[in-house]
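One structure below.
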Amino acid sequence: MHKEIISAATTSTTPAPPREVVWKPPTNATLNLNMDGSAIGNPGPSGFRGLIRNNIGDWIIGFVGHYGYATNLFAELTTIHQGLQLIWRFGHHDVVCESDCKTTLHLICDANTGYHPYTTIINKIKDYRSKPRRLHFCHILREGNKCVGALAMIELSHEDNFVQWDTPPH
């Protein structure tokens, strides 16, 4: 029996074939919110970046900023909240939010968060889901979120707490 366990553990498997990861625009009049929040050190200096696009992929709004000292999870949650505030301020009510953080999506969509340290921000996001709007959350691989990744480099060059662009920055 011991030999079987060792044998099973050392047997190599064939790697999965490479797959193409691309961003896909939402359907109909839906807007897409791609975002990413992060902290260096967890907790540490943190920031956020997000991009709102329409159903044909056109840039609607881009934003970046800093939170100060926070955890990765707080940065991710707060980024979603920032993006939703922007979208609803402009009167849009049909949105797909894509995040590469499965933990964040689980807290928003599935978890009982009554005693979670970030209950307040989680509930603010959940409140958006309870209103007469179409709001969907889904996971996206980091490789499919490259535009937001590019905004991370811009974020590093800004000292402002919040910067918004109506057209792509150069």
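The values are calculated or read from the model by the stated rules, or taken from the named source; none is laboratory data. This structure is a prediction, so every number in the text was calculated from the model and none was measured. Glycine gets a Cβ as well: all are built from the backbone with ideal geometry, and neighbour counts include every protein chain shown. SASA here: full protein model, heavy atoms, side chains in, ligands and nucleic acids out. Shrake-Rupley method; radii C 1.70, N 1.55, O 1.52, S 1.80 Å.
Worth pointing out:
- Once you divide the Cα radius of gyration of region 63-118 by 2.2 N^0.38 Å, the number left is 1.21.
- For the chain, the longest principal axis of the alpha carbon atoms and the long axis of helix 146-157 meet at an angle near 70°.
- CD proxy at 222 nm, helix term only [per DSSP H run n ≥ 4: -39500 (n - 2.57); per residue of the chain; nearest 500]: -10500 deg cm²/dmol
- Solvent exposure of the chain as accessible area per residue, Å², 1.4 Å probe: 59 Å²
- For region 112-152, the Cα gyration tensor yields ellipsoid semi-axes of 25, 16, 10 Å (square root of five times each eigenvalue, largest first, whole Å).
- Taking the chain as a Gaussian network of alpha-carbon nodes connected by springs under 10 Å, the highest mean-square fluctuation of the residues HIS81, HIS116, HIS66 belongs to HIS116.
- In the chain, the sites counted are GluC sites (Glu not before Pro) in DSSP loop states with at most 14 other Cβ atoms within 10 Å, and the longest stretch holding none of them, exclusive of the sites, is 21-158.
- Cβ-placed point charges (K, R +1; D, E -1), dipole of region 19-170 about Cα centre in debye, nearest 20: 460 debye
- Candidates THR113, THR30, THR104, ranked by Gaussian network fluctuation over the chain, Cα under 10 Å, top entry: THR113
- Taking the accessible area of the chain, probe 1.4 Å, and keeping the other protein chains in place, the carbon and sulfur fraction comes to 56%.
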